[in-house]
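Undergrad: Take this structure, written in C-alpha cells, and hold onto it; I'll ask about it next.
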Amino acid sequence: MNMKIAFVGKGGSGKTTLSSLFIRHLAASRVPVIAVDADINQHLGAALGLDEAEASALPAMGAQLPLIKDYLRGSNPRIPSAESMIKTTPPGEGSRLLRVGEDNPVYDACVRTVELDAGAVRLMATGPFTESDLGVACYHSKVGAVELCLNHLVDGREEYVVVDMTAGSDSFASGMFTRFDMTFLVAEPTRKGVAVYRQYKEYARDFGVPLKVVGNKVQGPEDLAFLRDETGDDLLVAVGHSDWVRAMEKGRPARFAQLEEANRHALETLHHTADAAYGRRDWERYTRQMVHFHLKNAESWGNAKTGVDLAAQVDPAFVLSEGAATPQPA
Ligand SMILES: Nc1ncnc2c1ncn2[C@@H]1O[C@H](COP(=O)(O)OP(=O)(O)OP(=O)(O)O)[C@@H](O)[C@H]1O
Ligand SMILES: [Mg+2]
C-alpha cells in the first residue's frame, strides 16, 4: 500500500498537529514515511519535535528548484532546459521519477531525517514564507517544488507521503489538490471551519478527489452534532483537546505511546481510511489530471513567462506508474 495524503483546512484548525500525530503513528507502525511541510506557516518540524535551531536549519525546497527541475527532467527530450520547466510540467519518457525509499540528489538536497521516539521519518519543507515574499508569487514557486516532486513520485508498497498544506486557492489553481489518494480536511466546529470544507468539497467533487473531514478541538456532543449536520457522511472522526499535544507545546513531550486512547483510535481510523482509498487510485486518471492542470497553467501564465509553448512538454503516451520510466544515472 502506498499513499499520498494531505492535511488541509483553515488556518489554525490543527493541520500541523494532526499531520504530525499521523506521521508519528505511521512511524510507530514501522512504515516508510516522507513528511512534507507545504504550509504557509512552517511548523511541521517543530511539531515533530525539532527545536528552533534544528527547524530553521531545514533545507528549503523552494531554494532548490533549479536542482529539482534539472534532476527530474533527466533526458526527457520534450524538456530541453530547467528554465522551461514550470511547477506543473508533467513527466514523460526520459524523465526521472522519485521513489519514497531511495536515495537521490533531490533528497540529498532537501530531506532531513527526524528521529521520533517510535521510529524515524524523512522530512522535506518548502521553506519559510517571509514578509518579503509578498504573498503569492513566492508562495507559488515554493509550493511548486512540492508539486513537481509529487508529480514525479511513484510510491511503492507500504510507503506514505504526508503533506501538511494550506487549503488556499493556490492548491486549486495548480492542481496540487488532485495529487492525493486521500485528503483529510481538518475542521473545527465553527462556521469558518465548515466554510473551508464546503469550498474544498466543491473543487474536489469535479476531480474525484477523495476527501474526509477530521473534526478537531471538538468539545462535546453539541460540537459533534454541529459537524455532523454540516459535513454529513464526510465526517470521519472527531478529535478533542489533547493534553499530550499541549504537553508537547509546553516543551515537555511525553512518549508517543502515551497519546490518549481516543486519539490513537482516531489515528488508526485515518490510517485505515487512507489505505482503503489507495485501492481506488487510477494512474491513468492521475496522469490525465496532471496534464489538464499543466495545459491550464501554460495558457494562463506559463507560456508567457517562459516564452515557449509548454503544451509541447506533454508526452501523450506517458502514464505515471510504478516502473513507468527507467531511472538513469545522475
Ligand atoms: N487536538 C488538539 N489538542 C490540543 N491542542 C491542539 C489540538 N489541535 C490543535 N491544537 C493547538 O492549536 C494550535 C493550532 O494548531 P496547528 O498549528 O496544528 O494548526 P494549523 O492548522 O497547522 O495552523 P496554521 O494554519 O497556523 O498552520 C496549536 O497551538 C496546537 O497545539
Ligand atoms: Mg500549520
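The values are calculated or read from the model by the stated rules, or taken from the named source; none is laboratory data. All values derive from a computational prediction rather than experimental measurement. Neighbour counts are summed over all protein chains in view; Cβ atoms, including those assigned to glycine, are modelled from backbone coordinates with ideal geometry.
Undergrad: Say we look at the stretch 97-130 and pick out the residues that are in contact with a strand residue (DSSP E or B) (Cβ under 9 Å, 6 or more places away or on another chain) and polar (S, T, N, Q); which of these is nearest to N41 (Cα to Cα)?
TA: T126
Undergrad: Looking only at the stretch 267-325, count how many residues are surrounded by fewer than 17 Cβ atoms within 10 Å (Cβ to Cβ) and in contact with a strand residue (DSSP E or B) (Cβ under 6 Å, 6 or more places away or on another chain).
TA: So the answer is 1.
Undergrad: Which residue out of D117, D170, D164, D133 is under 23 Å from L267 (Cβ atoms) and modelled with pLDDT under 90?
TA: None of the others qualify; the one that does is D117.
Undergrad: What is the residue count in the stretch 67-119 for residues that are part of a loop (DSSP other than H, G, I, E, B) and among the hydroxyl-bearing types (S, T, Y)?
TA: The qualifying residues number 5.
Undergrad: Hey, can you tell me all the residues within the stretch 230-266 that are under 26 Å from E158 (Cβ atoms), charged (D, E, K, R) and crowded, with 16+ Cβ neighbours inside 10 Å?
TA: Listed by number, the list holds a single entry, R264.
Undergrad: Please count how many residues of the stretch 3-37 are near ligand 2 (Cβ under 10 Å from one of its atoms) and closer than 11 Å to M165 by Cβ.
TA: Result for the stretch 3-37: 6.
Undergrad: Can you find a residue in the stretch 41-48 that is away from ligand 2 (no atom under 13 Å from the Cβ), more than 16 Å from the chain's Cα centre (by Cα) and over 21 Å from A187 (Cα atoms)?
TA: Within the stretch 41-48, not a single residue is away from ligand 2 (no atom under 13 Å from the Cβ), more than 16 Å from the chain's Cα centre (by Cα) and over 21 Å from A187 (Cα atoms).
Undergrad: Can you name every residue in the stretch 70-114 that is in contact with a Leu (Cβ under 9 Å, 6 or more places away or on another chain), charged (D, E, K, R) and at pLDDT below 95?
TA: Within the stretch 70-114, K87, R99 meet the criteria.
Undergrad: For the stretch 25-53: of the residues being of a type in the set (D, E, K, R) and crowded, with 24+ Cβ neighbours inside 10 Å, which is nearest to ligand 1 (Cβ to nearest atom)?
TA: Out of the qualifying residues, it is D39.
Undergrad: Another one. So which residues in the stretch 192-234 are in a loop (DSSP other than H, G, I, E, B) and under 19 Å from I5 (Cβ atoms)?
TA: G208, V209, P210, N216
Undergrad: If the Cβ limit is 6 Å and pairs must be 6+ apart or interchain, which residue in the stretch 9-24 that is closer than 14 Å to F256 by Cβ pairs with which residue that is within 6 Å of ligand 1 (Cβ to nearest atom) and in a helix (DSSP H, G or I)?
TA: So the pair list comes out as T17/V245.
Undergrad: I'd like to know if the stretch 67-82 contains one or more residues that are under 27 Å from T273 (Cβ atoms) and touching a His at 6+ places or on another chain (Cβ under 7 Å).
TA: No.
Undergrad: Moving on to the next point. Being on the phi < 0 side of the Ramachandran plot, within 8 Å of ligand 1 (Cβ to nearest atom) and under 15 Å from the mean Cα position of the chain (by Cα) is the filter here, so list the residues in the stretch 8-18 that pass it.
TA: Answer for the stretch 8-18, where residues must be on the phi < 0 side of the Ramachandran plot, within 8 Å of ligand 1 (Cβ to nearest atom) and under 15 Å from the mean Cα position of the chain (by Cα): K15, T16, T17, L18.
Undergrad: For the stretch 192-220, give me each residue that is within 13 Å of ligand 1 (Cβ to nearest atom) and of a type in the set (D, E, K, R).
TA: If the condition is that a residue be within 13 Å of ligand 1 (Cβ to nearest atom) and of a type in the set (D, E, K, R), then K192, K217 are the ones that fit.
Undergrad: Taking F226 and the conditions (1) surrounded by 16 or more Cβ atoms within 10 Å (Cβ to Cβ); (2) in contact (Cβ under 8 Å) with a residue 60 or more places away in the chain, which numbered condition does it fall short on, given that it satisfies the others?
TA: Among (1) surrounded by 16 or more Cβ atoms within 10 Å (Cβ to Cβ); (2) in contact (Cβ under 8 Å) with a residue 60 or more places away in the chain, F226 violates only (2).
Undergrad: Shifting gears a bit: Give me the pairs: first residue in the stretch 235-260 and outside any loop (DSSP other than H, G, I, E, B), second residue within 16 Å of ligand 2 (Cβ to nearest atom) and not hydrophobic (A, V, I, L, M, F, W, C), beta-carbon distance under 8 Å, and six or more apart or on different chains, which are they?
TA: These pairs meet every condition: A238/N216; V245/T17; M248/G49; F256/R24.
Each row is one residue, and each column tells you yes or no for (1) at pLDDT 95 or above; (2) out of contact with any His (no Cβ under 6 Å at 6 or more places or on another chain); (3) at negative phi.
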position: D181; (1), (2), (3): no, yes, yes
position: P189; (1), (2), (3): yes, yes, yes
position: K217; (1), (2), (3): yes, yes, no
position: D229; (1), (2), (3): yes, yes, yes
position: V237; (1), (2), (3): yes, yes, yes
position: A254; (1), (2), (3): no, yes, yes
position: H272; (1), (2), (3): no, yes, yes
position: Y278; (1), (2), (3): no, yes, yes
position: H294; (1), (2), (3): yes, yes, yes
